[in-house]
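To start, the structure itself, in structure tokens.
The values are calculated or read from the model by the stated rules, or taken from the named source; none is laboratory data. Keep in mind it's a predicted model, so treat the numbers as computed, not measured. Only protein heavy atoms, including side chains, enter the accessible area calculation; ligands, DNA and RNA are left aside. Shrake-Rupley method; radii C 1.70, N 1.55, O 1.52, S 1.80 Å.
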Amino acid sequence: MDSLFNLLTNLDQYLVTLIVIMCSFVIGLVYTVIISFKLRATRSFFVTSILMPMIVSSVIAMVSLFLDSSTTGAVRIATIAVALGLIRFRSVNGRAEEMLILFGGVAFGLITGLGYVVIASIVALSLAILYVILSNVNLFNFKREGEEKLLKVTIPEDLNYNEAFDAILKTYLKSYELVEIKTTGMGSLFRLSYKVELLAKDSEKLLIDELRIKNSNLEISLLPYVESTKAL
């Protein structure tokens, strides 16, 4: 199968470039919608997953367009590699949306630096509008992180925690996963951390009351579950 740049030779190359960029958006949208049925992540991650291919394709397409047809393949690859190498960001605990905006800004600056001001403006405006739309639609609401909670249960050191709470957790939770075991109280206590999803929102108190009986009324907390800040 040939490239669109070769198939659509009867059209202006700038128009073909815009078509390629829009195609990358459509492909990214379909790809993200499909994986969202299995992957649980924030809406910002899904928005980034949709729009990032559009930014990358705009950079590669414009660099390729900037180089004339006589340029060898090795030179094209090297130039594109350098261009993508410029798109780097070093932010502490940056969210996916922030990384997307930084990535987009460098891409638009690169396209403008190549002299394609109109193309850069069109891509920047399109990305901004699509970002606002995707951030407000309810497309990925079924994957909200807020549905998951972090359950922390403190237990005596002599309690076998492997199966001690299974019956209670299965009664009140849709799913649960032990994500951390930590000693506390100078080693005399254990603190278990579970990633859980409640069967019903009004069952929190019943769950905590049942656990209090089992853990000798030691500390229990139920918090919103937040993924590690090192991840998107």
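Working note: Karplus 6.51/-1.76/1.60 with θ = phi - 60° gives the range 44-58 the couplings 4, 5, 5, 4, 4, 4, 6, 8, 4, x, 5, 5, 4, 5, 5 Hz, where Gly and Pro are set to x. Per-residue Karplus couplings for the range 179-196, computed as 6.51 cos²θ - 1.76 cosθ + 1.60 with θ equal to phi - 60°, are listed in order as 9, 7, 10, 9, 7, 8, x, 6, x, 8, 9, 10, 10, 9, 10, 10, 8, 10 Hz, Gly and Pro entered as x. Summarising the amide proton neighbourhood of Glu148: residues at separation of 5 or more, or on other chains, whose placed amide H is nearer than 5 Å comprise Tyr225. Between Thr9 and Glu157, the contour length at 0.36 nm per residue exceeds the alpha carbon distance by 45.9 nm.
The heavy atoms of Lys205 offer some 140 square angstrom of accessible surface to a 1.4 angstrom probe.
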